[in-house]
Protein chains: 2
Amino acid sequence: MKRQGGQTWKFESRPRIIGSATVVGPDEGEGPLSTDFDYIYDNIEINEKTWEKAERRLIEHSTELALINANLNKEEVQFYISGDLMNQIISSSFSASKLGIPYLGVFGACSTSMESLALAALIVDSEAGDYVLAGTTSHNCTAEKQFRYPNEYGSQKPPTAQYTVTGSGAAVVGHAKSGTVVDCATIGRVMDMGIKDPFNMGGAMAPAAADTLLSHFRDTGRDPGYYDLIVTGDLASVGLPIAKELLKKDGYDMIQTEFNDCGLLIYDINKQKKVIAGGSGCGCSAVVTYGHLLKRIEKGELKKVLVVATGALLSPLSTQQGESIPCVAHAVAFEAGGQV
Amino acid sequence: MKRQGGQTWKFESRPRIIGSATVVGPDEGEGPLSTDFDYIYDNIEINEKTWEKAERRLIEHSTELALINANLNKEEVQFYISGDLMNQIISSSFSASKLGIPYLGVFGACSTSMESLALAALIVDSEAGDYVLAGTTSHNCTAEKQFRYPNEYGSQKPPTAQYTVTGSGAAVVGHAKSGTVVDCATIGRVMDMGIKDPFNMGGAMAPAAADTLLSHFRDTGRDPGYYDLIVTGDLASVGLPIAKELLKKDGYDMIQTEFNDCGLLIYDINKQKKVIAGGSGCGCSAVVTYGHLLKRIEKGELKKVLVVATGALLSPLSTQQGESIPCVAHAVAFEAGGQV
């Protein structure tokens, strides 16, 4: 372990993702990444009786598959790090109860995917654990009903609104001879630009994404061109151009690299009209990263990828009390590892 | 860093608590530990207009004082790890926005105090950060209204009920020549024994406390007599005897050491009748540890102390949906460090 400047961890022992899995709902299965997911449920109920049980089922399923793909029993994994959007992260905690692996609950809203992965890599890199499982989950109907309105209410949404992904992604980090390398991670600061509208998450989160990217470039001495692809998650069609503009003001022209967003990759926003500005939710960056991006790296299409997962740290109560939306973004850099 | 058996981290570089602070409300100020706290508010409103703002003010205050006591500016601290009981840990996230220190949000309910401290010590021990701030907060009125009934409703409570502590504790971990040493940490598994009553947290959490203690003894090869004091937080008067009984069944008679509970230490449950079975909440183990216990170690009254912070990972929604209460406990061992 070596700290690479201010807020970036360089994982010198080169921990790898030795197994990962993604499970999604029907909307995600109809999107452009459908062939990248391990399992697609054909019903939004995920065969459960409540939305909350559905969300939990997703992470129970993805963690189970990730362990199978890593060729490990749960007894061989020392720590499980997980979080989600539900109050008191119940989806994660109930899944931890079922898994029985020592558990660290985390919360970073939609940045939870990279927060949990960064901590998993830190634990493995510092030899505090041989194998660590990281995961997160979200369900469209639990999140919409909790943070905005139940879908059944049928309220109209503004054009800045995003669509919470129904899906879960999980990954096992360890030392191994093959698998994608977790190269380094940049932990973000919380930014609050005063935006109060829970239907404009992309706009609220863009400054946090830009701030973490700037910190990452400063800490590592890299510039955008170092990466084949930089993806944020989830700024969608409203937030991504704002982040681009903010980075340009600070001297980083993102035309040096492919710069995209998990919320734009997961759906075809021109065809899947109901997603409006694009995807969001803990599951979005998790399934895009562990499903789509890792597969592209493993196929040799990409060598160096930076995922900057963004989170809007609002609660229904803070919105009701007229508070603004504090946001954070955590970045993890992935590298094609090859066989050692 | 060396993993000491299954789920225990041994911090070989001997990171220390180089500054800590506690602030509490009036009920805690009337309790037996009143002289141990840095600041006692004389009003339950904490000079704020909402209970949520009050809870946030507590952690803004404790983190500010912890930095002063550590003789550090916030710019010198690389990471801030915090969590609380509010939905989406808003008290912590808003305080992180004000502090501007790169932020890792965590959630372990009332075990958050030791979860955040264990991660802070891991980061310092693995040289991923020089100074890390860990903190947590709770307020009686925010927690009661969210998890049970608003106090203003005036409902009667059963004799197993606990009283959420109004208070916040924070600590800065780093390498230094003096200060209490953070020796090791045991990360707990989630246990669910089927208890569904949010007015019986102590009973629900006792098995998690016992499980983590057993894991700690197994991983470290220590027995209860190794410590001058073992405290759980917060089993209170109902849960502590259950934990004792469970440990006895597994061959550990806790009469070898002083075995107590943060929820029993913070109030005089015979005089302060409204606390019923004792204290609870994220702030309880935090203010007892960072206020009372560290002072006793620094005075030389205690040399080796183990704090086993317990958390009930329920949400109002999981209770309403008839789910049981998954529980977890994380243990951190403290050692008198002396001057090096």
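Our note on the geometry: Cα centres of region B:309-324 and region B:74-106, 24 Å apart. In percent, rounded to a whole number, the relative contact order of chain B is 25, using alpha-carbon pairs under 8 Å and six or more apart. Distance between the pseudo-spin-label points of B:Q256 and A:E30 (7 Å out from Cα toward the beta carbon): 6.2 nm. If R0 equals 30 Å, the separation of the Cβ atoms of B:E245 and B:K157 corresponds to a calculated FRET efficiency of about 0.80.
If you put +1 on each Lys and Arg Cβ and -1 on each Asp and Glu Cβ, how big is the dipole of region A:2-174 around its Cα centre, in Debye rounded to 20?
About 500 debye.
Distance between the modelled labels on B:R14 and A:R218, one decimal in nanometres: 3.5 nm (7 Å Cα→Cβ projection). For region A:2-174, lysine pairs with C-alpha atoms less than 22 angstrom apart, excluding pairs fewer than eight positions apart on the same chain, total 8.
Plainly put, the tip 7 Å out from Cα toward Cβ on A:G100 is 4.9 nm from that tip on each other copy, the closest given first. Spatial offset of region B:252-270 relative to region B:174-242 amounts to 12 Å, using the alpha carbon center of each.
Once the C-beta distance of B:N270 and B:Y226 is scaled by a Förster radius of 41 Å, the resulting FRET efficiency is 0.85 to the nearest 0.05. For the segment B:322-335, counting C-beta atoms of other chains within 10 Å of every residue's C-beta and taking the mean gives 2. What is the antiparallel percent of DSSP beta bridges lying wholly in the protein assembly as shown, to the nearest 5? Roughly 65 percent of the DSSP beta bridges within the protein assembly as shown come out antiparallel. Once you reduce region B:107-141 and region B:51-68 to the center of their Cα atoms, the two points are 15 Å from each other. Compared with the alpha-carbon gap, the fully stretched path from B:K98 to B:F199 is longer by 32.9 nm at 0.36 nm per residue.
How large is the accessible surface per residue of the protein assembly as shown, computed with a 1.4 Å probe and reported in Å² as a whole number?
Ligands and nucleic acids excluded, the result is 32 Å² per residue.
Helical content of chain B, expressed as a calculated mean residue ellipticity at 222 nm, amounts to -9500 deg cm²/dmol (DSSP H runs of 4 or more residues, -39,500 (n - 2.57) each, divided by residue number, nearest 500).
Between copies, the label points at B:P26 (set 7 angstrom from Cα along Cα-to-Cβ) are spaced 5.7 nm, reported in nanometres from shortest to longest. With label points set 7 Å from Cα along Cα→Cβ, the inter-copy distances at A:K273 are 6.6 nm, sorted shortest first.
Between the beta carbons of B:D42 and A:D130, assuming R0 = 56 Å, the FRET efficiency works out to 0.65 to the nearest 0.05. When the Cα positions of A:C262, A:M205, A:F107 are compared along the charge dipole of chain A, A:M205 comes out farthest toward the positive end, with charges on each C-beta of Lys, Arg, Asp and Glu.
Please state the charge dipole magnitude for chain B, taken about the Cα centre, from unit charges on C-beta atoms (+1 on K and R, -1 on D and E), reported in debye and rounded to the nearest 20. Computed charge dipole of chain B: roughly 340 debye.
Taking all Cα pairs closer than 8 Å and separated by 6 or more residues, the relative contact order of region B:2-174 comes to 30 percent. Protein heavy-atom surface of the protein assembly as shown, 1.4 angstrom probe: 48% of the accessible area is carbon and sulfur, with nucleic acids and ligands not counted.
The values are calculated or read from the model by the stated rules, or taken from the named source; none is laboratory data. Quick caveat: nothing in here was measured; it's all calculated off a predicted structure. Glycine also receives a Cβ, built like all others from the backbone with ideal geometry; neighbour counts cover every protein chain displayed. Heavy atoms of the whole protein, side chains included, go into the accessibility calculation; ligands, DNA and RNA do not. Shrake-Rupley method; radii C 1.70, N 1.55, O 1.52, S 1.80 Å.
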